[in-house]
Each structure stands twice: as C-alpha cells, then as structure tokens.
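Shown next, in structure tokens, is the structure this report addresses.
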Amino acid sequence: MDLGQKIKWLREEKRISERELSSALKWPVSKIDRIESGMDNITLDELNDICDVLAIDPMTVITTSFNAGTVEQSHVVKMGLKEAFELAAKKYPLTDEERKHFAGSEVGKIINKQLPVLIEQKANIDLNNYLITGSVGKGQFAEIPWISVFRRSITESATKGIYIVYLFTADLKGVYLSLNQGFTYFKDKYGTRVGRQEIKKVAHYLRHHCKTIPQDLSLKEIELKAEKMLGKGYIPGHITGKYYEIDHLPSSEVLANDLRNLMTVYEEVIGLINGRKVEEFYDYVLAVEDDLLLADEAYNEGVEESVAEYIADHQLTEIAYNPAPQEKKEVVKNNANRKVYPRDKNVASNALILANFECEVNPNHASFTSKTTHRKYMESHHLIPLEYHEQFEYSLDVEANVVSLCSHCHNCMHYGIKREREEMIEKLYAQRQKSLQSARISITVDDLKKMY
C-alpha cells in the first residue's frame, strides 16, 4: 500500500470526508484526491499537516504496512449487508463472562468501523452530508449495539437530534431500522418521566406529517428487550421503521433499499425542520401537539370545546380567578421561522366563564346560543396583544388579560375606526387595570391604545 492509499485508509477510518479534510487544511479537494490516488507526491510538511488533522503520528503512516487491518476490513466490506449483520449478531457477546473481553474485540471492529463502511458503499451514501458510525459501548459492551446514519446538518450524536439507527435487540435475535431521536434534550428539559411523554409527541407529529413513509417502513413501536435505562431510552424516540429477524434477514439489496427509502423520509424531516435548530423544532412541535399554536378559527373552536368540557364536569361557580403573575411561556419559531407566543385555550375558556358569558364592553349586547356550550356565544380577546410579549416580564396569556366580547365588539377591536376602538379600550382597561397589576402586567391606557 503506497503512502497515498495509507492516508486515504486512515482518513476513512476516522470517518472524515475528502471535503472535510480539504476544508481543515484549506487545500482544494482535487489536491487531496491526487495525493490519495498517487498522482501527486506528498512533501513531509504536507504529511505533517494531514496527520495533524487526522490526529495520528506521521511515522505511523510511513512505517506501518496496514496489511492485517486492511485484510480484516476488506473481509467484511466484501460481504453483503445481510451477511455482515448476521456476523455482527453472531459475534456479539451475550453473557457477562463473554463481555469481559472488550478491548480490541472483533465484533467491536465490525460494528464500529466495518459495517459503517459497508453501509456507505451499499446504500451509496454521500459522506459530505452524512456521518455513519457504530457503537458497542464505551469501556464495556452495551446492552444495545447500534449503527447510526446522521445528517450532519442537524446532528452527529445519538444523544440528540433526529437520526437513522440500526438497533440490535438485547437478545441479538433481531435488529430494527429506526428513524429515531436522541433523548438527552427531553430528559434534561423535562425529566425522565415527562421527557418520555414529550418525545413520543414529537414522534407522533412526524408520523402524521411525513408523507413519504412507505407502508413497509411504518412500524410505530419497537421492543428492544432492554433491561437497562440506556437501552430503554431508544424506545420512546422511535418515529418509524422496520424490524428484521436475524435468522430471516432479507437480501442485501432489500436492506440497502429500505435504508435509502428511510433516508428519503429523513430528508422530509429535514424539510419540516426548515432551517431551525432541532431544539427549536421540538419546541414548535410540542406547542402544536398541546394545542398552543392554534389558528384563530381553530383556537375559538378549542375555547368553546374547553368551556363545554368544563361545564360537563363542574359547577360554573367552582371556577376561581387566579390573580398571580405567571411565568412567560417559551416563544417558538413556526414553520415560516417567525416567532410565535403560545396561547392556552383553557385560559381563554376560564375568562369566558368568569365573565358569565357576557360582553365586557356591554353586558346587554345580544348574541346567539352556542351549539357547543349551550351558553351565550362570546369570543375571547387578549386586551394587550400577545405580539407585544417581549415588552413584559410576565405572561400576557393570563385571565387578567383575556376579556369576553360579543362578535360585534371583537370585530370592532380589530377592524373598527380609531375612535370606536379607543372607547372600548378605555372601558376595558378601567375594568382590568387592577387585575393586570396583580398579574404584574404594567401598562398605561395610552400605551395600550398605541398597540392597536
């Protein structure tokens, strides 16, 4: 193996693409290609520069033959995917006694290095956009070995973001091809128990909104037979995928085709994220799943349904006004990458009940009877518009800031002439000033008028 071939082999072992190496060195990609192909000779300074990026000793490149490693790698890489997965499952230790011999294990090399290379080749994956890596654990064998395909633009770690992963079951009798999510963000933000519920909501959202999921890759749940927390952590993050029995694996061509099809779904997910950070996308999805980002018509319907549910379960006199200030909700970026403040339909329904379904501009204003609540139809309105949330320390989505209006007055607040709007604003402000102060929302009537 000549010097250029050794550099290429070591670069690929490090899972570094030609483009990444050229970018780190500030060399043209063509120069890297010519060196690795043997078309250009390499100077000692150039070798030192390459080795600095690869974090290896230059003398290792010069003096080592790489024959044993190359033969070992080519043995698996020359296999089909079916045979390689069968070999990995066969070689992986099951008993505690077998798992004592971790360092330098053959199965570690197969899963960590050789299968990722094989997957790249058979599925024709562009390493400039994707990172493929495997793991059998750190320092000791993991209960669930895995091989992941990461879209570099959103994640390169199994602990965060969204990625494709092959997950072997704990008994090594099967392997899942799974579009999955890292659990760490959810655990750190919500705790383990609530985090599992939240990550499942994201999975549900993506299954509903991804239109490219083939029928044979639509498996909604996985069972890894894991007993340890780390292994169980992969289960709630599963979005969609497929299960293979190790003893009845399909052909290598089918395995490669399944992966390519799931990568199409993965790309659709990238499109849904639409340039946001994955964490921003999660926050948006969870707000949607919790009905906090409903459009006006759906929001009004949701408020009506919330009122009806409350009426069915309670006496209206049971509801109590909460005057305490509320912490601001997290602003989310919607699909148009615009910041949106979430609003809770239950807060609005409480405000309508507290107003006894009367218009707070004039209780004598007529309205029809709602078919949902069987009460006088009223609409909720944030007196201080939510778009001004950044000007306030505490949440504006509180009962103190939500007024009950008849349809006529509500439309006038949005579309009426200035004089008519300001008359209503002055009256509503006078009624709500003390309540707003209790909620730590401070504003003058003149500043409120300017918001309209």
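Assorted remarks:
- Probing with 1.4 Å while keeping every protein chain in the model, the per residue accessible area of the range 148-193 equals 33 Å².
- With Cα atoms, 0 to 90° folded angle of helix 252-273 axis to the chain main axis: 30
- Listed cross-link partners Lys173/Lys225; Lys200/Lys277; Lys160/Lys187; Lys90/Lys220; Lys173/Lys200 are compared with a 21 Å cut-off, the Cα-Cα value being larger for Lys90/Lys220; Lys173/Lys200.
- Percent carbon-and-sulfur accessible area, the chain, ignoring ligands, DNA and RNA, probe 1.4 Å: 48
- Label-zone membership for the range 175-202, site His209, 7 angstrom Cα→C-beta point, backbone N under 13 Å: 201-202
- Rounded to the nearest 20, the Cβ-based charge dipole of the chain about its Cα centre (Lys and Arg +1, Asp and Glu -1) stands at 160 debye.
- Residue among Leu352, Leu286, Ala298 farthest towards the positive dipole end of the chain, charges placed on Cβ: Leu286
- Distance between the range 352-415 and the range 221-287 - C-alpha centres, whole angstrom: 43
- Options Thr372, His204, Gly275, ranked by Cα towards positive dipole end of the chain, top entry (Cβ charges): Gly275
- For the pair the range 141-192 / the range 90-130, the C-alpha centres are spaced 15 Å from each other.
- Accessible surface computed residue by residue for the range 202-291, with neighbouring protein chains in place and a 1.4 Å probe, gives 48 Å² per residue.
- Degrees between helix 81-91 axis and first principal axis of the chain (Cα, 0 to 90, nearest 10): 80
- Solvent-accessible surface of the range 307-452, taken per residue with a 1.4 Å probe and all protein chains present: 55 Å².
The values are calculated or read from the model by the stated rules, or taken from the named source; none is laboratory data. Please read all numbers here as calculations on a predicted model, not as lab measurements. Neighbour counts are summed over all protein chains in view; Cβ atoms, including those assigned to glycine, are modelled from backbone coordinates with ideal geometry. Just so you know, the surface numbers come from the protein's heavy atoms only, side chains and all, with ligands and any DNA or RNA stripped out. Shrake-Rupley method; radii C 1.70, N 1.55, O 1.52, S 1.80 Å.
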